[in-house]
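A short write-up of the structure that comes next.
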Number of protein chains: 2
Amino acid sequence: MESPRKVAFCGLGIMGAPMAENLERAGFEVSGWTRTASRSPTSTPADAAEGADVLVTMVPDSPEVESVLFGPDGAAAALAPGALVIDMSTIAPGAARSIGERLEGEGLAFLEAPVSGSRPKAEDGTLTIMVGGAAADLERARPLFEAMGERIVHVGPRGHGQLAKLLTNTMGAIHAVALAESVVVARRAGLDPEAFLEVAAGSAGNSTVLGLKGRPMFDERYEPLFKLEHMLKDVRHCIAEARAQGVELRLATMVEPIYAAAAAAGHAESDFAAVVTAV
Amino acid sequence: MESPRKVAFCGLGIMGAPMAENLERAGFEVSGWTRTASRSPTSTPADAAEGADVLVTMVPDSPEVESVLFGPDGAAAALAPGALVIDMSTIAPGAARSIGERLEGEGLAFLEAPVSGSRPKAEDGTLTIMVGGAAADLERARPLFEAMGERIVHVGPRGHGQLAKLLTNTMGAIHAVALAESVVVARRAGLDPEAFLEVAAGSAGNSTVLGLKGRPMFDERYEPLFKLEHMLKDVRHCIAEARAQGVELRLATMVEPIYAAAAAAGHAESDFAAVVTAV
């Protein structure tokens with residue numbers, strides 16, 4: 001099979017826009033579509049998909065993936081038989097499995113490939129990409145993934161990429177609340193923020209979230225690198241998925257209402273560092 | 001004031017033994033004492049302290065610090081006036097403040113200097129050292145700290161070093177439970193451990209704890225690098241200290257009984273990775 005040349009990219013948000021740019025920079029012919037009409041290069045997903053070898057979706061959740069693929073002027077019907085659909089959104093593993101089955105029924109291949117890294121890594125092309133699906137489809141997609149990410153891992157069959165993403169994002173969500181609680185105590189006790197963040201970075205409590213969100217939490221600055229409402233969605237999917245496996249996630253279940261409270265108080269579109277406002 | 005030459009080191013456990021060895025390697029004359037008589041180079045803390053410029057304590061908690069310093073054959077009375085006591089244990093900030101006051105009353109200087117890094121970093125001399133106390137005392141202690149650590153931070157006045165340590169360790173304790181929950185779900189769902197740990201290391205859920213404890217949790221191997229009962233103690237001190245500041249730590253309060261259950265089930269002296277057995 002020939003290497004893909006023409007890529008349709010649906011979802012040009014905080015993550016999708018820089019990812020699509022990296023594909024263009026790597027020499028792919030990219031045809032974009034996004035929901036906000038004023039920012040969309042094409043008028044429908046079907047227009048974007050016309051003649052594409054690969055379609056990438058990067059949208060908030062499974063209803064949006066389904067709408068892009070199967071809604072009015074959806075992309076699936078516009079793709080040539082044998083084209084590959086790669087959903088890079090974070091959605092429930094069960095939804096990924098059923099979308100994959102439906103696409104296969106229409107003669108299309110499907111990979112799930114959720115990413116980790118938020119906007120700076122999307123811009124630098126250094127995302128972690130968690131692939132679920134057939135190995136042959138991953139090889140077909142590899143040139144695209146290499147333009148967008150630096151750690152490309154075949155986690156397993158369809159569903160396993162999404163599950164890994166939900167579990168790791170939920171750990172991040174919990175780390176952010178643990179950090180927020182520390183920040184609140186440190187502030188009350190009059191600890192120097194610089195000194196605290198410096199020792200924390202060299203401590204058993206260090207984390208990716210500490211490095212990215214420690215300073216913003218002390219400074220109360222919440223410009224979104226990853227929106228709080230998306231983190232809340234991922235935590236909810238993770239709780240549901242674990243429950244389907246017979247596991248009650250106690251920490252995830254405890255942080256969920258804290259994120260929900262921050263969202264309800266006006267921080268849905270803030271960075272998830274704003275969870276500190278609800279601690 | 002002259003640079004210290006002779007160091008008494010009380011507490012030669014998992015952490016203390018390699019720390020004392022690094023002091024010797026750096027040219028200090030070290031006189032050690034430890035509670036287990038068969039492993040102790042001297043017979044009492046007072047013997048060890050005889051003629052020392054600096055006394056270091058590295059023991060489980062404040063009752064042990066107080067016993068080493070002020071108990072029968074305690075070290076404090078054996079030290080020359082003006083000698084410096086450095087407690088590198090992790091204890092409650094309030095206890096550190098009162099021990100410091102009592103030592104000052106006896107003509108001795110005092111620094112708190114709890115460490116982060118567990119055994120491998122104690123061996124490599126790459127600990128993070130969180131210093132609370134007077135800047136002049138820190139300068140006096142710096143040659144010792146440089147032999148044991150690589151990140152030496154003056155967090156603030158007495159109590160602030162201990163508070164930073166409790167907050168960062170408690171974040172680590174929470175991260176371990178969050179990781180344990182993920183490991184349990186990953187196992188149930190049949191996720192490949194290697195793939196999961198690889199993507200997690202590149203994800204928003206990455207942490208120092210993930211790197212150190214992810215593999216041991218999947219492998220159910222709990223040789224102690226940092227004992228679970230010590231983590232439990234730190235979490236309890238942290239909850240109490242936050243409460244004294246008027247803050248209820250919800251996540252810490254949720255993980256405390258999980259550690260307690262693992263300890264009660266026989267894992268008190270296991271590594272804190274064994275918390276996965278109680279999730």
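Across peptide B:204-217, what mean number of C-beta atoms from other chains lies inside 10 Å of a residue's C-beta?
On the way: counts 23, 15, 11, 11, 8, 6, 5, 1, 1, 1, 0, 0, 0, 0.
Per-residue shielding by partner chains comes out at 6.
So what is Rg over Rh here for region A:163-278, counting just Cα atoms and using Kirkwood for Rh?
Rounded to two decimals, Rg over Rh is 0.98.
Out of B:P157, A:S31, A:I258, whose Cα points farthest toward the positive end of the dipole of the protein assembly as shown (charges: +1 Lys, Arg; -1 Asp, Glu; placed on Cβ)?
A:I258
Based on a Kirkwood Rh over C-alpha pairs, give the Stokes-Einstein translational diffusion coefficient of the protein assembly as shown at 4 °C and viscosity 1.567 mPa s in µm²/s.
Rounded to a whole number, D works out at 52 µm²/s.
Quick check: net charge around A:M19, other residues with Cβ under 12 Å of its Cβ, Lys/Arg +1 and Asp/Glu -1?
Overall, the nearby charge balance is -1.
Which whole number gives the average, over all residues in A:136-145, of C-beta atoms from other chains lying within 10 Å of the residue C-beta?
0
For region A:92-183, what are the per-bin percents of Cα-Cα distances with bins 10 Å wide, up to the bin holding the maximum?
Each 10 Å bin holds this share of Cα pairs: 17, 41, 30, 10, 3, 0.
Can you find, among B:T126, B:T44, B:P81, the residue farthest towards the positive end of the dipole of chain B? Put +1 on the C-beta of Lys and Arg, -1 on that of Asp and Glu.
The one lying farthest along the dipole's positive direction is B:T126.
Normalised by the number of residues in chain B, what is the relative contact order in percent for Cα pairs under 8 Å and 6+ residues apart?
With pairs under 8 Å counted, the relative contact order is 14 percent.
Say the cut-off is 23 Å between C-alpha atoms; which of A:K233/B:K233; A:K6/A:K165; B:K121/B:K165; B:K121/B:K213; B:K165/B:K213 go over it?
The answer is A:K233/B:K233; A:K6/A:K165.
Sort out for me the Cα centre separation of region B:111-135 from region A:104-150, rounded to whole Å.
Comparing the Cα centres of region B:111-135 and region A:104-150, I get a distance of 42 Å.
To the nearest 20 debye, what is the magnitude of the charge dipole of the protein assembly as shown about its Cα centre, counting +1 on the Cβ of each Lys and Arg and -1 on the Cβ of each Asp and Glu?
With Lys and Arg at +1 and Asp and Glu at -1, about 520 debye.
Using modelled amide H (1.01 Å from N, peptide plane; none on Pro or chain starts), what sits under 5 Å from the amide H of B:F9, excluding residues fewer than 5 places away?
So B:F9 has HN proximity to B:S31, B:G32, B:W33, B:V56.
Counting partner chain Cβ atoms within 10 Å of every residue's Cβ in A:248-259, what's the average?
Taking all residues of A:248-259 together, the mean is 4.
As a test of understanding, state the convex hull volume per residue of region A:6-156 from its alpha carbons, in Å³.
So the per-residue Cα hull volume is 92 Å³.
Order these peptides, A:82-92, B:182-192, by their mean beta-carbon neighbour count within 10 angstrom, highest first.
Working: A:82-92: 24.8, B:182-192: 20.5.
The densest-packed peptide leads the list: A:82-92, B:182-192.
Which value at 222 nm does the protein assembly as shown reach when only helices count, each DSSP H run of 4 or more adding -39,500 (n - 2.57), with the total divided by all residues and rounded to the nearest 500 deg cm²/dmol?
Values: 22 runs with 278 residues, N = 558.
For the protein assembly as shown, the value works out to -15500 deg cm²/dmol.
Give the A-B buried accessible area in Å², both sides summed, 1.4 Å probe, nearest 100.
5100
If all Cα-Cα distances of chain A are sorted into 5 Å bins from 0 onward, what percent lands in each bin, rounded to whole numbers?
1, 6, 12, 16, 17, 16, 12, 8, 6, 3, 1, 0, 0
The values are calculated or read from the model by the stated rules, or taken from the named source; none is laboratory data. Quick caveat, the model's predicted, so the values are computed rather than measured. Note: ideal-geometry Cβ built from the backbone for every residue, glycine included; neighbour counts use all protein chains shown. Calculation scope for accessible area: heavy atoms of the full protein, side chains included, ligands and nucleic acids excluded. Shrake-Rupley method; radii C 1.70, N 1.55, O 1.52, S 1.80 Å.
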